[in-house]
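Quick notes on the structure that follows.
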Amino acid sequence: MAAPGSEMEAAAGAAPEELVCAQGRNRKAVLCQRCGSRVLLPGTATFARRELFLPAMKKKTALMGNSGQDGDVLQDHWLVEDMFSFENVGFTKDVGNIKFLVCADCEVGPIGWHCLDDKKSFYVALDRVSHE
């Protein structure tokens, strides 16, 4: 028999159970898909569902010149409320009122999104990172 609420969560499209603990935080470390650098430690982010557009993955230098036309609308993210919670992340220059998050080691991204109007919301797309 399924745990109480699990069927409803699955129907609502909840995050994979192996990645999210009962408190809604990341069970595993969040890593860069390209170089494996650690972005977040376990338990430092909360699962959040929000539609955000991220440009296609590129090196930071190529990303800066991107007109933003090619990319993906992603829905599942890790929400980080304090930029100092990151182990390893870089930020692009402002693109309007947005900064994109990139891996600080290999500079590939964006792996996430930050609106300058909201100082406590940093989103890391689950589809743009790996977990360990």
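For the stretch 96-132, give me each residue that is in contact with a Cys (Cβ under 7 Å, 6 or more places away or on another chain), surrounded by 15 or more Cβ atoms within 10 Å (Cβ to Cβ) and without any contact (Cβ under 8 Å) to a residue 24 or more places away in the chain.
Ile98
Residue check: is Lys99 basic (Lys, Arg) and either assigned to a strand (DSSP E or B) or over 24 Å from Gly24 (Cα atoms) (or both)? Don't jump to the end; show me each part of the working.
Details: basic (Lys, Arg): yes; either assigned to a strand (DSSP E or B) or over 24 Å from Gly24 (Cα atoms) (or both): yes.
So Lys99 fits the description; yes.
For Lys93, are the conditions met, namely being charged (D, E, K, R) and surrounded by 13 or more Cβ atoms within 10 Å (Cβ to Cβ)?
Values: charged (D, E, K, R): yes; surrounded by 13 or more Cβ atoms within 10 Å (Cβ to Cβ): no.
For Lys93, the condition - charged (D, E, K, R) and surrounded by 13 or more Cβ atoms within 10 Å (Cβ to Cβ) - is not met.
Can you tell me which of Asp76, Asp105 is more than 10 Å from the chain's Cα centre (by Cα) and not small (Gly, Ala, Ser)?
Values: Asp76 fails: more than 10 Å from the chain's Cα centre (by Cα).
Of Asp76, Asp105, the one residue that is more than 10 Å from the chain's Cα centre (by Cα) and not small (Gly, Ala, Ser) is Asp105.
Against the conditions (1) within 19 Å of Val102 (Cβ to Cβ); (2) at pLDDT below 95; (3) crowded, with 16+ Cβ neighbours inside 10 Å; (4) small (Gly, Ala, Ser), where does Ala29 fall short? Just the number, please.
So Ala29 meets the others, but not (2).
Return yes or no: is Val80 among the hydrophobic types (A, V, I, L, M, F, W, C), free of Cβ contacts under 8 Å to residues at least 60 places away in the same chain, under 21 Å from Glu18 (Cα atoms) and buried (at least 19 other Cβ atoms within 10 Å of the Cβ)?
Numbers: among the hydrophobic types (A, V, I, L, M, F, W, C): yes; free of Cβ contacts under 8 Å to residues at least 60 places away in the same chain: yes; under 21 Å from Glu18 (Cα atoms): yes; buried (at least 19 other Cβ atoms within 10 Å of the Cβ): yes.
Yes.
Residue pairs, Cβ under 7 Å, 6 or more apart or interchain, first in the stretch 22-37 and assigned to a loop (DSSP other than H, G, I, E, B), second among the β-branched types (Val, Ile, Thr). List them.
From the stretch 22-37, the pairs are Gly24/Thr46; Arg27/Val20; Gln33/Val129; Arg34/Val108.
The values are calculated or read from the model by the stated rules, or taken from the named source; none is laboratory data. Because the structure is predicted, anything quoted here is derived from the model rather than measured. Positions of Cβ are generated from backbone atoms using ideal geometry, with glycine treated the same way; all protein chains shown enter the neighbour counts.
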